[in-house]
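Structure record follows, encoded as structure tokens.
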Amino acid sequence: MLFLFSQNLFAQTTYFHQDFLKAEPYVNPVPDTGQFSHVVQTVPALSYCKFQHGFMDLVRTLQDSATGGIIRAMRASPFKPNPKSLFIQIRLSAENIQSSTVNAAYFYVGENFNPENNSFPGNALMFGKFSLNFAGSAFTVKDLETQLSSKPVKTKMPVVITWILNNSARSFKYKLFSKDAMEYEAFPGSYDLWVNNEPVSRNSKAYPGNSGFSESKLSNFEIRFRNGIGRIRIHDMLIREAVSELNPSDAIVAPNPSSGKIIGLKSVHIDSASLRLVSMNGKEIPFRKQFLSADHFLIFPVKTLASGMYVLFFNGPDRKRKSVRVMVQ
């Protein structure tokens, strides 16, 4: 119900966000924004997915994929509304590596992914893909289009992988992190791949193998751990639209007037730590917040607000203080 309500507040921009901090079903064939549609484990005794407080572990114990099995964590149900661009950010670590393996795990974005077919998906389904290479006590992130790789990352060291994909007809600007001053440009029919603040590849050609254009080429996502032996830990994962529909100066609250139980705030790159809700007599109101995207938060006052006028304060991408009034009836 909350997801549907937030869709009514604003155009939905977040397709998936999960930090694994809440005990909930993480898999559902009809998923909400915190769920995979499928987690496939072909030999669960040897290769399996395990959800823990604060992370998801993908574990393989035997090299050969036919006998040792593979793990697939997917959003095979199409993202809605259909995205023309995606901003994917994954914080992960390799907790354990037991064998050096090229293309130990794959990350795919494309369309028509089939959870019942565990063979390699063809290029015709793909917009882009990258992999993790295992090498001793470290791994690298490899762009499969350019074959460029990141610097080695030691085991147990979390890194943030950012993947910007553009299936639209125009370029757009983006930031790796909301507080960054630096902006980068994503070009049509291409993707950028980063590890922390360092690029693995920029402007990589999408549509591998010259497959034909499709408007729904960004509608599915998959992590496939099929070759390496070890433990990959996913700490946090966000998939959202890369292009904001808002102007930098916009700040929108909805519903307005509010019932006093929930307030939706949408603005470009909200600094969540700076959010403050204040009454007109200057009293700060305690609340909890729910992240929906970098541009979209839901705010839940600890106690239902009394009728009157309130002000939401927050910092935007330029770190300038912004405010917007909220009326409660």
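The values are calculated or read from the model by the stated rules, or taken from the named source; none is laboratory data. Nothing here was measured: the structure is a model prediction, and the numbers come from that model. Glycine gets a Cβ as well: all are built from the backbone with ideal geometry, and neighbour counts include every protein chain shown.
In region 19-36, the residues that are over 18 Å from Phe291 (Cβ atoms) form Cβ pairs under 8 Å with partners that are among the β-branched types (Val, Ile, Thr) and not in a loop (DSSP other than H, G, I, E, B), at six or more places apart or across chains, as follows: Val27/Val39; Phe36/Val27.
Figure legend. Inter-residue proximity from region 211-223: first residues surrounded by fewer than 24 Cβ atoms within 10 Å (Cβ to Cβ) and at pLDDT 95 or above, second residues basic (Lys, Arg) and assigned to a loop (DSSP other than H, G, I, E, B), beta-carbon distance below 8 Å, spacing 6+ or different chains. Indicated pairs: Glu215/Lys84. The residues in region 43-81 that are under 18 Å from Asn114 (Cα atoms) and within 18 Å of the chain's Cα centre (by Cα) can be counted, and the count is 9.
Conditions tested, residue by residue: (1) free of Cβ contacts under 8 Å to residues at least 60 places away in the same chain; (2) closer than 24 Å to Leu165 by Cα.
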{"residue": "Arg240", "(1), (2)": "no, yes"}
{"residue": "Ile252", "(1), (2)": "no, no"}
{"residue": "Lys266", "(1), (2)": "no, yes"}
{"residue": "Val278", "(1), (2)": "yes, no"}
{"residue": "Pro286", "(1), (2)": "yes, no"}
{"residue": "Asp295", "(1), (2)": "no, yes"}
{"residue": "Leu298", "(1), (2)": "no, no"}
{"residue": "Gly308", "(1), (2)": "yes, no"}
{"residue": "Arg321", "(1), (2)": "yes, no"}
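Once region 47-79 is narrowed to residues that are part of a loop (DSSP other than H, G, I, E, B), surrounded by fewer than 17 Cβ atoms within 10 Å (Cβ to Cβ) and in contact with a strand residue (DSSP E or B) (Cβ under 8 Å, 6 or more places away or on another chain), the residue that is modelled with the lowest pLDDT is Gln63.
Got at least one residue in region 230-248 being more than 23 Å from the chain's Cα centre (by Cα) and closer than 30 Å to Val102 by Cβ? Yes: region 230-248 contains one or more residues that are more than 23 Å from the chain's Cα centre (by Cα) and closer than 30 Å to Val102 by Cβ.
Taking first residues from region 88-99 that are outside any strand (DSSP E or B) and partners that are modelled with pLDDT of 95 or more and hydrophobic (A, V, I, L, M, F, W, C), the Cβ contacts under 9 Å between residues at least 6 apart in sequence or on separate chains come to Gln98/Phe134; Gln98/Ile229; Ser99/Phe134; Ser99/Ile229. Out of Leu238, Leu193, one residue alone is at pLDDT below 95, buried (at least 18 other Cβ atoms within 10 Å of the Cβ), assigned to a strand (DSSP E or B) and hydrophobic (A, V, I, L, M, F, W, C). It is Leu238.
Quick check: is even one residue across region 118-132 buried (at least 19 other Cβ atoms within 10 Å of the Cβ), hydroxyl-bearing (Ser, Thr, Tyr), in contact (Cβ under 8 Å) with a residue 12 or more places away in the chain and in a strand (DSSP E or B)? Among the residues of region 118-132, at least one is buried (at least 19 other Cβ atoms within 10 Å of the Cβ), hydroxyl-bearing (Ser, Thr, Tyr), in contact (Cβ under 8 Å) with a residue 12 or more places away in the chain and in a strand (DSSP E or B), which makes the answer yes.
In region 263-277, of all residues being over 17 Å from Lys173 (Cβ atoms) and buried (at least 20 other Cβ atoms within 10 Å of the Cβ), the one that is modelled with the highest pLDDT corresponds to Leu277.
Would you check if there is a residue in region 303-317 being among the aliphatic types (A, V, I, L, M), surrounded by 13 or more Cβ atoms within 10 Å (Cβ to Cβ) and within 26 Å of the chain's Cα centre (by Cα)? No; the residues of region 303-317 include none that is among the aliphatic types (A, V, I, L, M), surrounded by 13 or more Cβ atoms within 10 Å (Cβ to Cβ) and within 26 Å of the chain's Cα centre (by Cα). For region 138-147, the candidate set comprises residues that are farther than 22 Å from Gly212 by Cα and touching a Pro at 6+ places or on another chain (Cβ under 9 Å); within that set, the residue that is surrounded by the most Cβ atoms within 10 Å (Cβ to Cβ) is Phe139. Can you name every residue in region 133-173 that is β-branched (Val, Ile, Thr) and in a strand (DSSP E or B)? Answer for region 133-173, where residues must be β-branched (Val, Ile, Thr) and in a strand (DSSP E or B): Thr140, Val141, Val153, Val159, Val160, Ile161, Thr162, Ile164.
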